[in-house]
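Q: Take this structure first; my questions come after.
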Amino acid sequence: MVRVGLQISATLENIEKLETHSDYAFFLKLTCSNCGETSEKWHDITESERVQQDSRNAAGFNFYMKCKMCARENSIDVVEKSNVPYTAEDAGKFKTIVVFDCRGVEPVEFSPRSGWKVLSSENGQAFEDVDLSEDDWVEYDQKNNNSVGVYEFASKFLKLKK
């Protein structure tokens, strides 16, 4: 069992915080720890969803798969209460926003896609279902009469010590 943190970095313009939520689908490419096979397709992992595939774990998992190459059974869970916002103070630096508990498989690539929440600064407008597929996002805050944006979005994974 390996804990892997998803770290993001971005430049924020007039934004207080950028965050996901328990229904947000993390789209990941995965590598089997047993045979090294990396998936070609994106797999979505959602904290609020559980799949029941393995009789050894009655609670189920957030994600379960069998490796196509070696047939090993693998699973990933989002660590409870590990989901934190990326704030204006974090801008330009990498910060862990969620932790995955990985068994037999590890994430190697992240696609941010849509579903993010953005809160503009100075009690400004809240934006729901923000799409970061293009790694940049720009909008206009009617409340504060200024532009808001997320630029230069980047991500990486970091193995964590328990």
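The values are calculated or read from the model by the stated rules, or taken from the named source; none is laboratory data. For clarity, every value in this text was computed on a predicted model and none was experimentally measured. As a convention, Cβ positions derive from the backbone with ideal geometry for all residues, glycine included, and neighbour counts pool all protein chains shown.
Q: Quickly run through the range 139-162 and pick out the residues that are part of a strand (DSSP E or B), more than 30 Å from Arg103 (Cα to Cα) and touching a residue at least 24 places away in the same chain (Cβ under 8 Å).
A: If we filter the range 139-162 for residues that are part of a strand (DSSP E or B), which is where we start, we get 139-141, 146-160.
In the following step, the residues that additionally are more than 30 Å from Arg103 (Cα to Cα) were identified as 139-141, 146-152.
Passing the criteria: Asp141, Asn146, Ser147, Val148, Gly149, Val150, Tyr151, Glu152.
Q: State all residues of the range 110-138 that are in contact with a Lys or Arg (Cβ under 6 Å, 6 or more places away or on another chain), assigned to a loop (DSSP other than H, G, I, E, B) and either modelled with pLDDT of 95 or more or of a type in the set (S, T, N, Q) (or both); if no residue qualifies, say none.
A: Once the filter is applied, which keeps residues that are in contact with a Lys or Arg (Cβ under 6 Å, 6 or more places away or on another chain), assigned to a loop (DSSP other than H, G, I, E, B) and either modelled with pLDDT of 95 or more or of a type in the set (S, T, N, Q) (or both), the range 110-138 yields Gln125, Ser133.
Q: Now for a different question. Step by step: first the residues of the range 66-75, then only those that are assigned to a strand (DSSP E or B) and either among the basic types (Lys, Arg) or free of Cβ contacts under 8 Å to residues at least 40 places away in the same chain (or both), then the one that is surrounded by the most Cβ atoms within 10 Å (Cβ to Cβ). Which residue is that?
A: From the range 66-75, those assigned to a strand (DSSP E or B) are 66, 73-75; that's our starting set.
Next cut, either among the basic types (Lys, Arg) or free of Cβ contacts under 8 Å to residues at least 40 places away in the same chain (or both) only: 66, 73, 75.
On the way: Lys66: 12, Glu73: 14, Ser75: 20.
Among those that are assigned to a strand (DSSP E or B) and either among the basic types (Lys, Arg) or free of Cβ contacts under 8 Å to residues at least 40 places away in the same chain (or both), it is Ser75.
Q: Tell me, yes or no, whether the range 29-44 has at least one residue that is touching a residue at least 24 places away in the same chain (Cβ under 8 Å) and within 20 Å of Glu134 (Cα to Cα).
A: Yes: one or more hits.
Q: Also: Could you go through the range 105-122 and let me know if any residue there is closer than 24 Å to Arg72 by Cα and surrounded by fewer than 18 Cβ atoms within 10 Å (Cβ to Cβ). Step through it out loud before you land on a result.
A: Step one: of the range 105-122, the residues closer than 24 Å to Arg72 by Cα are 105-110.
Within this subset, residues satisfying the condition of being surrounded by fewer than 18 Cβ atoms within 10 Å (Cβ to Cβ) are 108-109.
Yes: the range 105-122 contains one or more residues that are closer than 24 Å to Arg72 by Cα and surrounded by fewer than 18 Cβ atoms within 10 Å (Cβ to Cβ).
Q: Would you tally the residues in the range 132-162 being over 15 Å from the mean Cα position of the chain (by Cα) and at positive phi?
A: Residues in the range 132-162 being over 15 Å from the mean Cα position of the chain (by Cα) and at positive phi: 2 in total.
Q: Hey, does the range 90-99 have a residue that's of a type in the set (Val, Ile, Thr), in a strand (DSSP E or B) and within 18 Å of Gly149 (Cβ to Cβ)? Give the steps one after another, and end with the answer.
A: Step one: of the range 90-99, the residues of a type in the set (Val, Ile, Thr) are 96-99.
Right, trim to in a strand (DSSP E or B) and you get 96-99.
Now drop any that are not within 18 Å of Gly149 (Cβ to Cβ), which leaves none.
The answer is no; no qualifying residue exists.
Q: Would you pick out the residues in the range 68-114 that are touching a Leu at 6+ places or on another chain (Cβ under 9 Å) and among the polar types (S, T, N, Q)?
A: Scanning the range 68-114 gives Asn74, Thr87, Thr96, Ser111, Ser114.
Q: Look at Glu40 and say whether it is modelled with pLDDT under 95, loosely packed, with under 14 Cβ neighbours inside 10 Å and in a loop (DSSP other than H, G, I, E, B).
A: Details: modelled with pLDDT under 95: yes; loosely packed, with under 14 Cβ neighbours inside 10 Å: yes; in a loop (DSSP other than H, G, I, E, B): yes.
Criteria met by Glu40.
Q: OK, next. Which condition number in (1) touching a residue at least 40 places away in the same chain (Cβ under 8 Å); (2) more than 17 Å from Asp131 (Cα to Cα) is the one that Asp23 fails?
A: (2)
Q: Could you please find all residues in the range 79-89 being part of a loop (DSSP other than H, G, I, E, B), within 24 Å of Asn123 (Cβ to Cβ) and not hydrophobic (A, V, I, L, M, F, W, C)? Walk me through it before giving the result.
A: If we filter the range 79-89 for residues that are part of a loop (DSSP other than H, G, I, E, B), which is where we start, we get 79-85.
Still in the running and within 24 Å of Asn123 (Cβ to Cβ): 83-85.
Asn83, Pro85, listed by residue number.
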